[in-house]
Ligand SMILES: Cc1cc2nc3c(=O)[nH]c(=O)nc-3n(C[C@H](O)[C@H](O)[C@H](O)COP(=O)(O)OP(=O)(O)OC[C@H]3O[C@@H](n4cnc5c(N)ncnc54)[C@H](O)[C@@H]3O)c2cc1C
């Protein structure tokens, strides 16, 4: 059933995006009796898992964790076939959720929101889309995603390329067959590392163009052991609750007890080997208490990984290039792989160092670096996203008081709790910058934000308020707190997308909240319990205008 618009074009809430966050927002707000409308640029639900269809795309959180918790029936009935969900499997799951909870009827697909303007007299948002539609609503909820604005390659000569090129974040739905082709992959972040082993199996020759080496750990993916699945499902409610009491929102990993400095070299080797054999990023980071806090401790883990790379990759020069050396382990998103380093032992794979010899341009027949030309039939750009702020800044978000998000965030995002922004009343973000979103299990992060927003909306409606806005002092405090928390860790040492380093000209600001899910959720709950401390409220000028029905 397609989405219906009331004759007056007015809704209680507009939701932008139909990924896991937007879908849950539809469900939750609808249950409050709100008349909601979601707009989605794609022609289906799923967000990340709709767009990123590149070969090898897979979740790096275990599938029994990376799923919704809001319905026990749903989590009991769904069967995850592998330890880590593949993109097609996760997309199938999200489509199942959309159908099971009848969410599609409130979504307009193939519709991109271009503009959102707040009117302070009526406390409403007016939203315009690229299909020429204008709608109004009391609340506007940005479920636009943190990794949803692919960073399009800006390389001179690309338009002249005679072969085909792709971005991993905008992968063709029909798939791509690289059999017999000379392929170049530009970028060795998560998407590059996941796709490279699979493309290498198809391609005649694969050239991997690497600017900096990232850390990748073995995933150790396996078919889902039935006893593990049934044991997990038997404890689902407790496990979901326990996840909120962990730094990354993922339960089931015993927390570390001591610093890497306190362990002997032999003990460390045993511990790291066990974690390497177990697979997974959280488990590895949980080897010791201080891997993300203390450089010397971190060095012990970084060096362990470098030794693994050197023993896996046969060509010493290639191995050295693959050894991460410019950031402490874990301060960039840790990657999980299957046979990534082994792939460089294949005769048809060449690693090209574009850190020291940058790309000069693209020619009709291939790619030119500072010291060589590479003949290519296809190029894959695994160059990531304008992370965390890109999707919000693509929309022209303004107020009648003359404020705009683009101007306000010119020097980096400013928010209160990563949920609201001073000066922009009734505008909520799901997993916005300065919340732990990207540093946690993101379905949990989306659920926590949507629940908080829904409770807040209920609070407003119960008291006849039509307007909520973050106070400037609360926003300033939160920004300062974010920086202080980040500065106590090693995170700011990395040139990562957490600081916008992958986007030329983007201000260098550390964007995620890294104080951990436990502390963050506690703060959000406290704010709500104190009557939404740090927010101010107002009543409506024309309440009838936006009565629920
Ligand atoms: C390759 C990849 C692997 C990942 N792996 C993991 C993982 O292992 N674990 C984990 O926790 N997280 C992972 N993530 C993060 C992932 O983004 C989240 O887990 C989650 O899917 C985010 O859901 P979301 O609804 O917040 O945003 P998204 O899934 O990004 O959805 C946002 C939606 O909003 C739409 N949209 C944006 N702007 C507009 C607009 N102006 N108008 C209309 N529609 C708009 C987009 O089209 C998109 O569909 C991964 C991300 C990527 C890219």
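The values are calculated or read from the model by the stated rules, or taken from the named source; none is laboratory data. Just so it is clear, the structure is predicted and the values come from calculations on it, not from any experiment. Neighbour counts run over all protein chains shown; Cβ positions are idealised from the backbone, glycine included.
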Q) Between a first residue in the range 388-401 that is over 20 Å from residue 42 (Cβ atoms) and a second residue that is within 11 Å of the ligand (Cβ to nearest atom) and not in a loop (DSSP other than H, G, I, E, B), which pairs have beta carbons less than 7 Å apart while being 6 or more apart in sequence or on different chains? A) 396/114; 396/115; 397/116
Q. Tally time: how many residues in the range 449-490 are touching a residue at least 12 places away in the same chain (Cβ under 8 Å) and either under 27 Å from residue 33 (Cα atoms) or within 16 Å of the ligand (Cβ to nearest atom) (or both)?
A. 21
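Residue-by-condition table, conditions (1) in contact (Cβ under 8 Å) with a residue 60 or more places away in the chain; (2) near the ligand (Cβ under 10 Å from one of its atoms); (3) outside any loop (DSSP other than H, G, I, E, B):
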position	(1), (2), (3)
140	yes, no, yes
148	yes, yes, no
156	yes, no, no
162	yes, no, no
166	yes, no, yes
172	yes, no, no
176	yes, no, no
179	no, no, no
185	yes, no, yes
Q: Identify, from the list 297, 302, the residue that is modelled with pLDDT of 95 or more, in contact with a helix residue (DSSP H, G or I) (Cβ under 7 Å, 6 or more places away or on another chain) and either farther than 20 Å from residue 268 by Cα or crowded, with 18+ Cβ neighbours inside 10 Å (or both).
A: 297
**Q.** Enumerated helices (runs of 4 or more DSSP H) restricted to the range 271-323, each holding at least 3 residues that are in contact (Cβ under 8 Å) with a residue 40 or more places away in the chain and either farther than 30 Å from residue 352 by Cα or within 28 Å of the chain's Cα centre (by Cα) (or both)
**A.** 281-285, 295-312
(Q) Restricting to the range 385-405, name every residue that is more than 21 Å from the chain's Cα centre (by Cα) and closer than 29 Å to residue 170 by Cβ. (A) 396, 397, 398, 404
Q. Do any helices (runs of 4 or more DSSP H) lying entirely in the range 1-120 carry at least 3 residues that are more than 8 Å from the ligand (Cβ to nearest atom) and either buried (at least 18 other Cβ atoms within 10 Å of the Cβ) or more than 20 Å from the chain's Cα centre (by Cα) (or both), and which ones are they?
A. 20-31, 72-77, 87-100
Q) Tally time: how many residues in the range 197-220 are under 27 Å from the mean Cα position of the chain (by Cα) and in a loop (DSSP other than H, G, I, E, B)? A) 7
